[in-house]
Amino acid sequence: MAARAPAKVNLALSVGPLRADGYHDLRTVFCALDLADEVTVEPAGALTVEVHGEGAGDVPTDRGNLAVRAVELLAAATGADPAVRLRLDKRIPVAGGCAGGSADAAATLVACDALWGTRLPVEELAALGAQLGSDVPFGLRGGVALGTGRGERLQTVPVAGTYAWVLALADGGLSTPAVYAELDRLRRVGSAGSTGTDPGTAPAPVLAALRAGDPVALGRALRNDLQPAALSLRPGLAGVLAAGRDLGALGGVVSGSGPTVALLARDGAHAASLAAALAGRGVCRDVRTAVGPAPGAALVPAARAVRA
Ligand code: C5P
């Protein structure tokens with residue numbers, strides 16, 4: 001059984017103050033991209049995982065892997081036998097701020113639910129997903145959504161059109177907790193660019209641009225409170241954002257906790273030329289083009305599944 005789940009970019013991300021439980025309240029607009037990881041599961045004698053593709057060597061193969069935890073959690077919730085062979089085919093950059101680990105967890109929930117015939121309602125899968133990570137419910141749902149709470153509470157957002165992106169991939173990943181901790185530190189010294197005290201209406205310009213189907217307005221409206229923290233930990237990302245501006249991107253933003261930078265293009269042809277020009281600048285490890293919104297986690301027809 002195989003399923004795939006999408007990468008995401010946060011078009012707006014407002015981060016509230018640090019909560020007592022170690023998380024931050026968010027107001028964010030998630031957009032799923034057609035860059036997706038694929039997960040294949042088959043019955044086996046024991047729970048094993050193998051990882052192929054983009055950054056495979058950096059993906060844990062123990063319980064640190066969200067997909068492994070997804071198998072165990074769904075098995076515990078349904079009484080199924082967690083002994084499966086799990087294969088991850090990575091295309092989403094690892095630890096890149098694009099929710100690759102969450103996508104793997106979301107696709108694993110969908111694939112195991114089908115393999116075991118447990119057929120949980122989508123809300124129950126989302127509730128299990130939220131236990132695994134803040135971005136997993138969005139990986140299940142896809143499209144564009146307004147996320148609140150830790151990012152796990154989702155509302156549909158009306159969107160006109162599709163949007164063409166260039167992703168600038170960095171060398172190495174960034175740890176999400178480390179980026180949030182850096183934001184807290186920058187806020188203590190007053191240099192975070194946001195205080196976290198009033199995230200209330202922050203995504204409004206992004207929502208208006210999406211409703212109007214206006215990529216120019218969307219490019220101007222992109223915002224991410226985590227960006228100063230990601231730039232503080234990776235000063236080189238400022239050069240990627242500057243190169244994007246120079247080369248005519250409609251806007252650019254660090255994706256989630258980074259270090260991937262998402263640049264908005266006018267259309268697919270512009271994205272292709274922007275990606276080539278950006279690669280020529282030598283400011284990032286690699287480039288990808290992607291289109292969003294894209295669907296959430298879904299089964300892949302057997303004939304198209306990657307052969308294990
Ligand atoms: O939920 P997830 O496991 O993806 O979160 C990873 C880490 O990111 C958390 O342990 C926390 O440090 C940080 N985080 C946060 N506030 C959020 C989401 C994540 O502080 N809303």
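Some values worked out for this structure:
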{"item": "Tally of residues being part of a strand (DSSP E or B) and under 15 Å from MET1 (Cα atoms) across region 80-105", "result": "6"}
{"item": "Subset of region 11-37 that is touching a Phe, Trp or Tyr at 6+ places or on another chain (Cβ under 7 Å) and within 14 Å of the ligand (Cβ to nearest atom) - its residue that is modelled with the lowest pLDDT", "result": "HIS24"}
{"item": "Considering residues of region 164-187 that are out of contact with any Leu (no Cβ under 8 Å at 6 or more places or on another chain) and over 16 Å from ASN224 (Cβ atoms) only, the residue farthest from the ligand (Cβ to nearest atom)", "result": "ASP171"}
{"item": "Filter pass, ALA75 being modelled with pLDDT of 95 or more and not in a strand (DSSP E or B)", "result": "yes"}
{"item": "Qualifying position, being closer than 15 Å to VAL9 by Cα, at pLDDT 95 or above, of a type in the set (Gly, Ala, Ser) and more than 10 Å from the ligand (Cβ to nearest atom), among GLY139, GLY161, GLY147, GLY129", "result": "GLY139"}
{"item": "Qualifying helices (runs of 4 or more DSSP H) (wholly inside region 106-217; at least 2 residues being touching a residue at least 60 places away in the same chain (Cβ under 8 Å))", "result": "136-141, 176-188, 204-212"}
{"item": "LEU74 being in contact with a helix residue (DSSP H, G or I) (Cβ under 7 Å, 6 or more places away or on another chain) and either of a type in the set (Ser, Thr, Tyr) or under 17 Å from MET1 (Cβ atoms) (or both)", "result": "yes"}
{"item": "Scan of region 235-263 for residues that are in a loop (DSSP other than H, G, I, E, B) and surrounded by 19 or more Cβ atoms within 10 Å (Cβ to Cβ), ordered by number", "result": "LEU247, ALA249, LEU250, SER255, GLY256, SER257, GLY258, PRO259, THR260"}
{"item": "Subset of region 45-59 [more than 21 Å from ARG288 (Cβ to Cβ) and surrounded by 13 or more Cβ atoms within 10 Å (Cβ to Cβ)]", "result": "LEU47, THR48, VAL49, GLU50"}
{"item": "Boolean, VAL39 is surrounded by fewer than 24 Cβ atoms within 10 Å (Cβ to Cβ), touching a Lys or Arg at 6+ places or on another chain (Cβ under 8 Å) and of a type in the set (Val, Ile, Thr)", "result": "no"}
{"item": "Among the residues listed as LEU174, LEU210, the single one being more than 20 Å from ALA265 (Cβ to Cβ), buried (at least 23 other Cβ atoms within 10 Å of the Cβ) and not small (Gly, Ala, Ser)", "result": "LEU174"}
{"item": "Hits in region 93-108 (condition: crowded, with 24+ Cβ neighbours inside 10 Å and at positive phi)", "result": "GLY97, ALA99"}
{"item": "Residues located in region 66-89, provided they are surrounded by fewer than 22 Cβ atoms within 10 Å (Cβ to Cβ), over 13 Å from GLU50 (Cβ atoms) and of a type outside the set (S, T, N, Q)", "result": "ARG69, GLU72, LEU73, ALA75, ALA76, ALA77, GLY79, ALA80, ASP81, PRO82, ALA83"}
{"item": "Residue check for VAL41: in contact with a Cys (Cβ under 6 Å, 6 or more places away or on another chain) and farther than 30 Å from GLY190 by Cα", "result": "yes"}
{"item": "Test: residue in region 180-200 that is hydrophobic (A, V, I, L, M, F, W, C), under 17 Å from ALA262 (Cβ atoms) and either within 20 Å of the chain's Cα centre (by Cα) or modelled with pLDDT under 95 (or both)", "result": "no"}
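The values are calculated or read from the model by the stated rules, or taken from the named source; none is laboratory data. All values derive from a computational prediction rather than experimental measurement. In this analysis, Cβ positions are derived from the backbone assuming ideal geometry, glycine residues included, and neighbour counts consider all displayed protein chains.
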